[in-house]
Amino acid sequence: MIELTGLRGWGHHGVLEQEKQIGQEFVVDVALGLSTGVGLLVALVFALTLLPALLALFGRGLFWPFVPRPGDAQKDGVWGRIAGGVVRRPGAVLSGGIAVLAVLVFHAWPALLPGGFVGVDMFFVLSGFLITTGLVRGVDAGRGVALGTFWMKRVRRLIPAMLMALVGTTALAWLAVDEFPAGLGRQWFGALTYTSNWVMILEGGDYFNRASPPLFEHLWSLAIEEQFYILWPLLLWGLLLLTWPPRSTVNSGRVADRRRILAVAVAAVASAAWMAWGSWHGFEQARLYFGTDTHAFGLLFGACVAIGLAHVPRPEHGGPEPRTSATRVAVAWGAVAVLAAGFALVDGGHASTYRGVLAGLSAVVAFIVWHVVQGDRRDSLSRVLGNGFLRWWGRRSYAAYLWHWPLLVIMRVMVPVDAPGWVEPVAAGAILLLTALIADLSTRLIEEPILHEGFRGAFGRWGAAARRAFTGGAGPIGRLAAAATALGLVAVPAAAVAAVVHSPAQTQLEQDIAQAEESLKAAQAAQQAARESRAAEQSKRAEASASASPGSAAPGDAEGSAGATSSPGSSAEPSGLGLGDPAVTRPTYSKEQLTAALPPSELGPDVTLIGDSVSLSAAPTLLEQLPGMLLEAEVGYQIWDAADEIEKLKADGQLSDVVVVALGANGTTHRGDWEKILAAVGEDRLLVLVVPHGPMDWIADVQVQMEAQAKAHPDRIVLADWDAAAKQHVTDFSADGVHPRADGQAMYAQLVRLTIEDRLGTRR
C-alpha cells in the first residue's frame, strides 16, 4: 500500500520480505509523462507542417463549406452538388449516418449499446432503397438500367476511399503494433475482391468473438453490398421485363409494381427464412451472419420500398404536397422506439437474433424509410431527421465505417493488458474523434471530388492545387509541407505493401492453438484406446462376477453389458464419485500451489471439460495434469454451446462424473442457458465453472452469472477462479489479454485440477 499526501509519499514496497516491512518515504516527481510529451510534439509537428500544407492546397473550404438548407438557391461546384443531394434526401442521409454511428458505438463500447450492430442491417435497407430507386428512375426515364454507368459510379464512390483506408491502417499497424499483423494477404484479397464475408466464413470467423479480431473484419458488410450492386441490376432488369405492363395505363402500372414488390418481398422472406433454418439446424454463426444469401433480406426490404414509391409523384416532380395523419406519425414513432429497443437489447450471440429478430428489425427500418420518403417532411419525425449534425455525419459515414474498426483494433492491441479499466473506453472515444476527422477529410478530399468530377477531373484538380502550392506563394513552410505530403503518398503505400508481403499467415496465438489441437487429437486417440481397454476389462470382471454368483446371473449379465459401454469416465450415468463437500465452493491458491510439481491426478478419467480457445491452448498441460480426461474444446465456443455438447456426450455414453465448463471469454449468456446446462449435467454430477479472465466488457457479466449460479447451487457447483489466479499470478498473456502463454497455461491446468480434488477431497 502506498499513501500519497501532497507531494510526499509514504508506503511499504519491495521485493524482499524485509523491504516490505520497512516503511519508506518516496520522492514524488510531478512532470509531464512520456506519452503527454510525445502527444504535444506530434500536435506541434502537425500544426507547423501538415495543417499549413492542407490550407495552402485546398483553402478554407477544407474545413467549413457553406451549410446547405432547404429552399436555398442551388450553388455551383462540387459542394453545391453535395448540398443539393443532402437537401433532396435528408432522411436517407441522416438514417445512413445513424446506422454507422450505432455500429461505431457498438464497436467502441460494446456494453453501452449491445445491439448497435443492428445498424449494419439498417444500412442494408437504406442501400437497397437508394440503389433500387436510382435504377427504377433510370428505366422510367428511358435510359434503361445503364449497367456500365451504374457500376462505374459505384467504383468511383466506394473503391478510392477504401484503398486509402486499407493502405493507411495497414501501414499504421505495421509501424505501431509489436506483434506483426497476421493474415493481411487474405484480408486484402477479400477487401479488393469484395469477398471478405466469404473469406471469413471459410476461416470460421465470428463477428461477436472479438478477442483477437482481424484488422479488416468489418469489410464483410461492404462485400455483401458490393455483391448486391453487381447482381441486383441484372435481376431487377429481368424482373422489370417480366412484369412490364401490357398497356401503358395508370392501373396496369400499379398492378405491375405490386407484382414486383411481391416478388422481391418473397425473396427477402426467403433469405430471412434461410437464416432461421440454418440457425435451427446448427449452422455456424459466421455462416449465418456473413452469408450473402442469409443476410440479403435488408437490401431486398429496401428494394421493396423503392419499387413501391417509384411511381408516387413527389412535390418536386409536380405531385401534390403529401399530408401525414397523426396516427401514422404515432406509428412511425413507435417503429423508431422498436428500433431503439433493438439497439439496446439485441444480443448478437443469441439464437433468436438469427431466427427472425434481425429480419423483423430490418422490416421496421423499411417502414420508417417509407414513412419519411412518402410522407410530409414537416411532421415531427421528419423534422427530427433534419438535424444538421446528423446530415453532416451522414455524408461522412462511409469513410468513418472504413477507418474506425482497424484503428480500434490497433488501439486495443497497444493498450497494456494491466492498464486501468478506464483507459480503453477513453482511448476508444479518442479513436472515434480521430475517425470523424479522418472521415471528414476523406469525404471532402477523395470521395466527393472523384464521385462528381471523375478520376481525370479529380486528379487534374489535385495536380493544379499542388502546382499552386509550389508556385503560388505558399511560402517555404507550405512548400516543405507539400513535399512532405507527396513523400508520404509514396512512403505509406510502400509500407503497406511491405506489411502485406511480410504478414504471417497466422498470429503467434493461432499457431499455438494449432499446435495444441494436434496434441489434443493425438491425446484423444490414446484416450479412446484406453477407454475401450477399460470397457473390455470391466466387461470381463462383470462376467466373472456373474459366473461366481449363479443366483444373480441375469442381473449380472445386464450389468456386464452396461459396463461394456459405461465405464468410469465414459458413462451416461454417474458412477458414484460424488459431489464432494458443498462448503468448498470457490477455493483460492497461491502461486506456489499453482506451480508445484505434482504427480498426474488419478481423477482424469472422471473429468469431462468443455472449453474454448483458452482451454484448447492449455490442452497439453491439462492432459498432463488430468490424464485420461475427455477434452472437448473449440475456438469460438460460447456458453450456450455447452448444453448441446453435454447432451451429445451423455447420449453417446461419454459424459463423466465431473463436468468442467470453461467458457465465457467469447460472449455473455442468459439465465435460460444456465438452466439448460444444469439440466443436461443432472443432479448427480459435479459441475465446475471456470471463471473467465480478460479485458472484454462481457466477461464481468459472465463472472457475475457464474457466481450467482454457484450461490444458488452450492451442492452441485464449484468455481475454479481463473480470473483471480490470472490477476494475481500470471503476467504473460497474448496481445488480447485473454490467452495465457506457457507459464499461465500450466497454472490454468493446475487450477482446474486442484479445484476438483479439493471439492472431492481426493488431494494426493
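The values are calculated or read from the model by the stated rules, or taken from the named source; none is laboratory data. Everything numeric here is computed off the predicted structure, so don't read it as measured data. Note: ideal-geometry Cβ built from the backbone for every residue, glycine included; neighbour counts use all protein chains shown.
A compact table of results
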item	result
Members of the range 707-734 that are in a helix (DSSP H, G or I) and not polar (S, T, N, Q)	707, 708, 710, 711, 712, 722, 723, 724, 725, 726, 727, 729
Filter result for residue 588 (more than 26 Å from the chain's Cα centre (by Cα), among the polar types (S, T, N, Q), buried (at least 20 other Cβ atoms within 10 Å of the Cβ) and more than 12 Å from residue 749 (Cα to Cα))	no
Residue match in the range 294-306 (condition: surrounded by 10 or more Cβ atoms within 10 Å (Cβ to Cβ), in contact with a Lys or Arg (Cβ under 8 Å, 6 or more places away or on another chain) and modelled with pLDDT of 90 or more)	yes
Any pair with Cβ under 7 angstrom, 6 or more apart, that starts in the range 629-648 at a residue that is among the hydroxyl-bearing types (Ser, Thr, Tyr) and buried (at least 20 other Cβ atoms within 10 Å of the Cβ) and ends at one that is modelled with pLDDT of 85 or more and not in a loop (DSSP other than H, G, I, E, B)	637/611
Subset of the range 725-750 that is among the hydroxyl-bearing types (Ser, Thr, Tyr) and over 24 Å from the mean Cα position of the chain (by Cα) - its residue that is surrounded by the fewest Cβ atoms within 10 Å (Cβ to Cβ)	731
Breaking point among (1) surrounded by fewer than 20 Cβ atoms within 10 Å (Cβ to Cβ); (2) within 30 Å of residue 726 (Cα to Cα); (3) assigned by TED's automatic domain parsing to the domain that holds residue 213, for residue 408	(1)
Some residue of the range 682-694 being in contact (Cβ under 8 Å) with a residue 40 or more places away in the chain, part of a helix (DSSP H, G or I) and crowded, with 19+ Cβ neighbours inside 10 Å	no
Residues (under 24 Å from residue 684 (Cβ atoms) and out of contact with any Pro (no Cβ under 9 Å at 6 or more places or on another chain)) located in the range 623-638	631, 632
Cβ pairs under 8 Å, 6+ apart, first in the range 443-455 and assigned by TED's automatic domain parsing to the domain that holds residue 395 and at pLDDT 80 or above, second hydroxyl-bearing (Ser, Thr, Tyr) and assigned to a helix (DSSP H, G or I)	443/398; 447/398
Condition met for residue 737 (closer than 30 Å to residue 214 by Cα and either modelled with pLDDT under 90 or outside any helix (DSSP H, G or I) (or both))	yes
Unmet requirement for residue 431, which otherwise passes all of (1) within 20 Å of the chain's Cα centre (by Cα); (2) at pLDDT below 85	(2)
Lone qualifier among 742, 720, 712, 725 - being in the same structural domain as residue 638 (by TED's automatic domain parsing), without any contact (Cβ under 8 Å) to a residue 40 or more places away in the chain, of a type in the set (Gly, Ala, Ser) and under 23 Å from residue 668 (Cα atoms)	712
Residues (in contact with a Gly (Cβ under 9 Å, 6 or more places away or on another chain) and either part of a helix (DSSP H, G or I) or closer than 9 Å to residue 201 by Cα (or both)) located in the range 285-297	285, 286, 287, 288, 289, 290, 291
Top-ranked residue in the range 323-374 [being among the polar types (S, T, N, Q) and in a helix (DSSP H, G or I); ranked as farthest from residue 129 (Cα to Cα)]	352
Test result for residue 171, modelled with pLDDT of 85 or more and aliphatic (A, V, I, L, M)	yes
Enumeration of residues in the range 237-267 that are at pLDDT below 85, under 30 Å from residue 192 (Cα atoms) and not aromatic (Phe, Trp, Tyr)	238, 239
Scan of the range 174-214 for residues that are at pLDDT 85 or above and either part of a loop (DSSP other than H, G, I, E, B) or at positive phi (or both), ordered by number	193, 194, 195
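Conditions (1) within 24 Å of the chain's Cα centre (by Cα); (2) modelled with pLDDT of 80 or more, marked per residue:
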| position | (1), (2) |
| --- | --- |
| 316 | no, no |
| 338 | yes, yes |
| 345 | yes, yes |
| 354 | yes, yes |
| 371 | no, yes |
| 378 | no, no |
| 404 | yes, yes |
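Conditions tested, residue by residue: (1) surrounded by fewer than 23 Cβ atoms within 10 Å (Cβ to Cβ); (2) within 29 Å of the chain's Cα centre (by Cα).
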| position | (1), (2) |
| --- | --- |
| 596 | yes, no |
| 617 | no, yes |
| 627 | yes, no |
| 657 | no, no |
| 662 | no, yes |
